[in-house]
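Single-structure report; data block below.
The values are calculated or read from the model by the stated rules, or taken from the named source; none is laboratory data. Owing to the predicted nature of the structure, the values given are computational and were not obtained by experimental measurement. Here the Cβ positions follow ideal geometry from the backbone for every residue, glycine too, while neighbour counts run over all protein chains shown. Accessible surface is based on the protein model in full, side chains and every heavy atom, while ligands, DNA and RNA are left aside. Shrake-Rupley method; radii C 1.70, N 1.55, O 1.52, S 1.80 Å.
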Amino acid sequence: MEEQFYKELVNRYLNKQLSEKELQVFFYLLDEGKLEKYLLESMENDLQEDSIEAEPSVAKFSYLKYVYRVAAVLAIIGLAFSFYFYSNKDNGGNKLTSKQLSAPVVPGGNNAILTLSNGKQIILNDVANGTLEQNSSFSVEKQKDGLLVFNTKDLVSNAGSTGVNKIETPRGGIYQVILPDGSHVWLNSASSITFPARFAGNERKVTIKGEAYFEVAHNKKKPFKVLSDQQEIEVLGTKFNVNAYKDELLTRTTLLEGSVKVSTTATSQLLKPGYQAQMRNIKHLDIARADLESVMAWKDGFFQFDRVDIQTLMRQLSRWYDIEVQYRGEIPKDEFVGKIKRSADIDNVLEILRYGNVKFQLIGRKLIIG
């Protein structure tokens, strides 16, 4: 059944009979390596027919036609596309179907994975609200979709740690967690936070990747420390945002309230509210005024761009919509300004490119610029 479907699809492609949506199915299956066999078989059959029917005077032409078709098919096979799920009827009334293709591009949402110190993993959007784990030292509760709460029975104890827990969001995910000390953390897409179930000793220490916003519970006796790649932030009680994605040029720590000290192995700086520490490497830690509205737009459910280049724009979109971005030719030099809800359909968001006269094409989960 499947083989017959593939053969029919290839035959109709070679005869230029596929609709636009059927072409999407064709290129997806080609990318999956399921059609090359049938393409080559079809060409071999054509060559045999040409050899039988052709007169000597046109034999050379038939051979060249075969060579050109091989080259064309090899070029087609070299393409790599992903497409939406498709099920349609052709003009003859035969239903043309395939298995589910790549998922449609939709905005991100509450989606994260919890890994407990005992190794147990929980996909948070797959479980109901309520207590997820409990022992003599702590409990983990999903209070509502998008919020996880860690409760500990011994906040002030200097006893040993109960192990390390981790919450990570995928591309297109976002989540909130209340840590054992009551500190509130928001995780952006493709981010993670690692922390103990109980903050033992004289400090509270967590490690992050990606981007996170913190509202730290005040505890003068236990400084709160945030570790990211080559950087440490020390606070007592404050509100701040850390953007530490690997693919960004700078690690940015932005202070909204309170006071923090941002340090690398080579230097350190004190931040005041409304300012941002920008780390290019361990030797360069610059301080600049921050656009707080733009920095916090992600937490408030928006994209906000203030004269950002297209690569910065695309990195944010790729994380939230879980798409791959490719550039063809010279990268546009345009700068973009705008504020858009993160719940918006990606087609609406991409209107910002049309306004800038930037050519693009969205094929499945691949966005081609240029």
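Distant-in-sequence amide contacts of Y327, defined by a placed amide H-H separation under 5 Å and a gap of 5 or more residues or a different chain, comprise I369. Rolling a 1.4 Å probe over the protein heavy atoms gives the stretch 108-221 an accessible area of 43 Å² per residue. Mean sequence separation of contacting Cα pairs (under 8 Å, at least six apart), scaled by the length of the stretch 253-370, corresponds to a relative contact order of 19 percent. Counting protein heavy atoms only, the stretch 161-270 has 49 percent of its accessible area on carbon and sulfur, 1.4 angstrom probe. If you average the sequence gap of Cα pairs under 8 Å that are 6 or more apart and divide by the length of the stretch 203-281, what percent do you get for the contact order? After rounding, I find 25 percent. Rounded to the nearest 20, the size of the Cβ-charge dipole of the stretch 290-370 about its Cα centre is 220 debye, with Lys and Arg at +1 and Asp and Glu at -1. Charge dipole (Cα centre; +1 on Lys/Arg Cβ, -1 on Asp/Glu Cβ; no other charges) of the stretch 284-333 amounts to roughly 80 debye.
Amide H contacts of F360: G370, each under 5 Å away and 5 or more positions distant or on a separate chain (H built 1.01 Å from N in the peptide plane; Pro and chain starts excluded). Length gained on full extension, E203 to T265, computed as 0.36 nm times the residue gap minus the Cα-Cα distance: 20.4 nm.
Solvent-accessible surface (1.4 Å probe) assigned to Y13 amounts to roughly 50 Å². Extension gain, Q121-N151: 0.36 nm per intervening residue step, less the Cα-Cα distance, totals 9.0 nm. Each residue was assigned an accessible area with a 1.4 Å probe, and for H184 the value is about 40 Å².
Shape analysis of the stretch 302-370 places it in the oblate category; the axes a ≥ b ≥ c from the Cα gyration tensor give an a/c of at least 1.5, with a/b not above b/c.
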